[in-house]
There are 2 protein chains.
Amino acid sequence: MKELVSRCRSYRRFDAAIPFSEGELRELAALARCVPSAGNRQPLKYVLSCTPAGNQRIFETLAWAGYLADWPGPGPEERPTGYVVVCVDTAIAQSADVDVGIAAQTILLAATAAGRGGCMFGAVRREELAARLGLPAALSIALVIALGTPVERVVLEDLPADRSIRYYRTPDATHHVPKRAVEELIHSVYAG
Amino acid sequence: MKELVSRCRSYRRFDAAIPFSEGELRELAALARCVPSAGNRQPLKYVLSCTPAGNQRIFETLAWAGYLADWPGPGPEERPTGYVVVCVDTAIAQSADVDVGIAAQTILLAATAAGRGGCMFGAVRREELAARLGLPAALSIALVIALGTPVERVVLEDLPADRSIRYYRTPDATHHVPKRAVEELIHSVYAG
């Protein structure tokens, strides 16, 4: 699990020549069915895509890597080959962000375990995407998970001296992600 | 992963004689450090507990199993032996529920992989718990994860005819959790 969580990074560049299959996407949705949900209400609904046309429809509504000002997103050879659009069915719950995080991380971990990888997008032009996907008004887009076979190297490192949490890319195309030290995350401990 | 996600249920009864160690709790926090975070801001902070006094302080602020009207929660022999209180540092982000779900599910999966189990609590008397833990005003309690070695059997099943999502317990002490069919969760598919 430790190894899996370490390997489960946010990847933004993929091998566009390696397709994602409908079966893989349905497996991920089947896993998401089994996760905890507040009050067991299970308000999440999914749109799955793995065709060039469906993928393009979604891709164009995503904002890529806010901190990489010089990079507009992956070119045609490095685009995701599968997508899971996570929606909240507002007929069941008005909002469900904790449920969304639970399901999205489960999907990303399972994709990673299967040799794939992906990235969660909160920065989505939601209205446009809902129209492009023909979603009913009751479905509210929470998050988009882009999936594929990653072709980039992502490394975690300690915060720099100026304590910036902005990720960055070095000329060797490695993506660096500064993470706070675990001591900083633990506020207090009641132990023996 | 499929097997792990299936095994990762919400357990509410534990063997109180099997302690949780500080090392285990710190491992879980170390894992949570590595998960995705919106804009990589990493606003979550954790309070860890594995002592009888610390655990009691937290236990008393939790509402157990809303749908089991006759069950006030586990007796002394079946209480959790460890806790992770997940807080949002509001000096970093005002709210971060997707981050909370990502971290909480990662912790629950890792605990499950290690032969433990637990339950996420959104129904927490937050103000009382914040006072009991002496939290600074900037830390807002999002969720409590109770942990231990489970002693109950939890099964997933399809929704009943009346489509109720209320979990229930049968006389053999099995906890039943109705889950929507995966076909119901998939709104649409763009596939070949």
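The values are calculated or read from the model by the stated rules, or taken from the named source; none is laboratory data. Not measured: the values here are computed from a predicted model. Cβ placement follows ideal geometry from the backbone for every residue including glycine, while neighbour counts extend to all protein chains displayed. All accessible areas refer to the heavy atoms of the entire protein, side chains included, with ligands and DNA or RNA removed. Shrake-Rupley method; radii C 1.70, N 1.55, O 1.52, S 1.80 Å.
Quick check: anything in region A:162-173 more than 8 Å from chain B (Cβ to nearest Cβ) and touching a Ser or Thr at 6+ places or on another chain (Cβ under 8 Å)?
no
For region A:139-192, please list each of the strands (runs of 3 or more DSSP E) lying entirely inside it that holds at least 3 residues being more than 26 Å from B:Asp89 (Cβ to Cβ).
A:139-148
State yes or no: is A:Val144 modelled with pLDDT of 95 or more, in contact with a Phe, Trp or Tyr (Cβ under 7 Å, 6 or more places away or on another chain) and more than 8 Å from chain B (Cβ to nearest Cβ)?
Considered against the rule, which asks whether it is modelled with pLDDT of 95 or more, in contact with a Phe, Trp or Tyr (Cβ under 7 Å, 6 or more places away or on another chain) and more than 8 Å from chain B (Cβ to nearest Cβ), A:Val144 comes out as yes.
With the requirement that a residue be closer than 22 Å to A:Val86 by Cα, assigned to a helix (DSSP H, G or I) and of a type in the set (Gly, Ala, Ser), what does region B:87-137 give you?
Within region B:87-137, B:Gly101, B:Ala103, B:Ala104 qualify.
Restricting to region B:2-31, name every residue that is closer than 25 Å to B:Ala93 by Cα, in contact (Cβ under 8 Å) with a residue 40 or more places away in the chain and more than 7 Å from chain A (Cβ to nearest Cβ).
Selection gives B:Leu25, B:Glu27, B:Leu28.
Only one of (1) touching a residue at least 60 places away in the same chain (Cβ under 8 Å); (2) within 8 Å of chain B (Cβ to nearest Cβ); (3) not hydroxyl-bearing (Ser, Thr, Tyr) fails for A:Leu68. Which number is that?
All conditions are met except number (2).
Can you name the residue in region A:48-68 that is of a type in the set (Phe, Trp, Tyr) and out of contact with any helix residue (DSSP H, G or I) (no Cβ under 9 Å at 6 or more places or on another chain) and is also farthest from B:Val182 (Cα to Cα) among such residues?
Once the filter is applied, the top-ranked residue is A:Trp64.
Of everything in region B:168-192 that's open to solvent by 50 Å² or more (accessible area, probe 1.4 Å) and touching a residue at least 40 places away in the same chain (Cβ under 8 Å), which residue is farthest from A:Ala53 (Cα to Cα)?
So, considering only residues that are open to solvent by 50 Å² or more (accessible area, probe 1.4 Å) and touching a residue at least 40 places away in the same chain (Cβ under 8 Å), the one farthest from A:Ala53 (Cα to Cα) is B:Arg169.
Each row is one residue, and each column tells you yes or no for (1) at the interface with chain A (Cβ under 7 Å from one of its Cβ atoms); (2) among the aromatic types (Phe, Trp, Tyr); (3) buried (at least 17 other Cβ atoms within 10 Å of the Cβ).
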| position | (1), (2), (3) |
| --- | --- |
| B:Gln56 | no, no, no |
| B:Trp64 | no, yes, no |
| B:Val84 | no, no, yes |
| B:Ala96 | no, no, yes |
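Please verify whether B:Ala137 is farther than 28 Å from A:Phe121 by Cβ, within 8 Å of chain A (Cβ to nearest Cβ) and open to solvent by 60 Å² or more (accessible area, probe 1.4 Å), treating the condition exactly as stated.
no
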